[in-house]
1. State whether one or more residues within the range 419-429 are among the hydrophobic types (A, V, I, L, M, F, W, C), assigned to a helix (DSSP H, G or I) and under 22 Å from residue 280 (Cβ atoms).
2. Mind listing whichever residues of the range 480-498 are more than 12 Å from residue 289 (Cα to Cα), of a type in the set (A, V, I, L, M) and under 28 Å from the mean Cα position of the chain (by Cα)?
3. Return yes or no: is residue 530 surrounded by fewer than 24 Cβ atoms within 10 Å (Cβ to Cβ) and at pLDDT 75 or above?
4. Have a look at 376, 412 and point out the one that is at pLDDT below 85, within 30 Å of residue 345 (Cβ to Cβ) and part of a helix (DSSP H, G or I).
5. Residues in the range 324-333: is at least one part of a helix (DSSP H, G or I), within 24 Å of residue 172 (Cβ to Cβ) and touching a Ser or Thr at 6+ places or on another chain (Cβ under 8 Å)?
6. Find the residue count for the range 229-262, including only residues that are more than 22 Å from residue 207 (Cβ to Cβ) and surrounded by fewer than 21 Cβ atoms within 10 Å (Cβ to Cβ).
7. Whether any residue in the range 341-357 is buried (at least 19 other Cβ atoms within 10 Å of the Cβ) and at pLDDT below 80 is what I want to check.
8. What do you reckon, is residue 177 in contact with a Ser or Thr (Cβ under 8 Å, 6 or more places away or on another chain), at pLDDT below 80 and buried (at least 19 other Cβ atoms within 10 Å of the Cβ)?
Amino acid sequence: MKIFRRSRPCVTSFRDELVSDRTDSRVSVISVISDSNPSSGHTEEEEEDDLSCCHRATCCCPSFRDVLVTEPVNERFCGPFTYANVFWLITVLAMLLMSYASLYFYIGDPLLPGGSIFGLFAVVVFAYFLGWTLAYLPYLNLPPVFGMLLAGIVVRNLDWYDIHESLGIGASSKIRTFSVTFVMLRAGLQLTSSALREHPLFVLNLAVVPCTVEMLTVALCCRCFLDYPWAWAFLSGSIIACISPVVPVNCVLALAERGYGEDKDMATLLFTAASIDDIHIVSVYAICFAFIFTHDDEPMRWWSYVPGSLRDLLMGVTCGAALGLFFVFFPHRRHKYALWYRVCCLVLGSLMCTSGASKIAITGGGFLATIIMSLIATTGWRVLSVPFDVKPLRKAVHVMWHLMQPLLVGVIGADIDFRDWSLARFGLYIICIALGLLMRTAFAYLATLRTPFNVRERIFVALSWLSKGTLQAALAPMSLEQARQNDDPTELALAIDVVRMSVVSIVFLAPLGAIIMMLTGPLLLGRTSDEEHRRRRELSYLRILSLQPLRKRRSTAIREL
């Protein structure tokens, strides 16, 4: 291939010609591939054959072979439930059956009905199906954590399964620690720097100020209304103040598909701010957790000479930064399987941090180390690798979290017994949470001042900052686990109270936040037409092409010299 040199009189013409050259080259490459690959030039009949249930399988029923998987099973009763959903459902049921059979062959009698592990398996399966069934309800966009928590609560309060009698406290705590690791790993991977570069002040204000004000408000309410000690009040405030990034981002993306909010790139801004919000609150939670549960009963250990809260923060930041810097360079970015080695390193490093921190009673620092490790690693990979895409990493961790989520949330729900609750105490939980949300909403609106958003969009941003879910389910049981290990009746009662308040926030605010966003989005956000949306995507694509550097092979450059 010859490389022709052209004279470019100015930067503008250089960039325009570069865009046209690259666009033409891509079109030519695509055309060559399509010409050389006969499978890419499908006719309409061949595409319909690919979408059919079993067109080429002559052993199938003739009336069933030509049915398209995109068609609904029954238009009158099933609605959007298509044959593709039937194939997916049968696949999932087969996987569950094979999983149960494999576990039974390995473990034996505990997997039989009435066994200790059979109940856990049933809770996970029930949580998975109920969570995703409610998540796919149209127009609601409920987070899966709501249905999964509800499944665990139903199993526990109907006396179908008692996790403590079957597995014990130690096994359930290890399950929580293992599952929460993937929550923190996802939080670090989801943070992007593009929104920070474009709107740094707005993103930081929206991420830090509302959650801090809510934490202080909830802490003050817990101190005054629930008679918590100050340390426990701030611990509960840090747990309740966490936002669930999944709910606002999924709702904003669903609205963007209909053209709402696409002109301001609201999904990227909200997701970046929510990720920073989680990192900030997890740091505060780690300090409060260490301040409460660090007693330094063994002063001969070297780490006991450092104050507990400061030690937790320093250990988390140091270990996370060291592992993150190591993963930046190892494995080498040009390795054939660098992506999968990076995924394995991130997962194993995260599990090492969380499990190791729990062994030396620095539980909060392990989660902080996981977030910092993934954040530093992805930032370094972006710097070293010129074309670097973090989406494969996010997708791999997302698949792991997809499998871990029903295990974590189902176990947490199975630990909640409503028969011991007090109605008056329940009302106080509602008051504390409501006052915190009121202050959070007000300061979230104030954080959007002096931004390109109009008044309606500011109101929508403030309302989108109400959702709770994943982090409440992840952080609250940590204090309960530590209190059970310490065997202190006072700490145990306070930890149970904190978990109950977290459950109330999840049950009410996980669905309420999604419903409010989906109802107010079309009323408060601007809508772009399909042509404008397509034009923006084309301009964004051309802008990316124009900014990419021209690269020549070393052998070609030597021949030119």
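1. Among the residues of the range 419-429, not one is among the hydrophobic types (A, V, I, L, M, F, W, C), assigned to a helix (DSSP H, G or I) and under 22 Å from residue 280 (Cβ atoms), which makes the answer no.
2. Passing the criteria: 496, 498.
3. Taking the combined requirement at face value, the residue does not satisfy it.
4. One residue alone meets the criteria, 412.
5. no
6. 8
7. Yes, there is a match, as at least one residue in the range 341-357 is buried (at least 19 other Cβ atoms within 10 Å of the Cβ) and at pLDDT below 80.
8. yes
The values are calculated or read from the model by the stated rules, or taken from the named source; none is laboratory data. No experiment lies behind these values; they were computed from the predicted model shown. Virtual Cβ from ideal backbone geometry, glycine too; neighbours counted across all protein chains shown.
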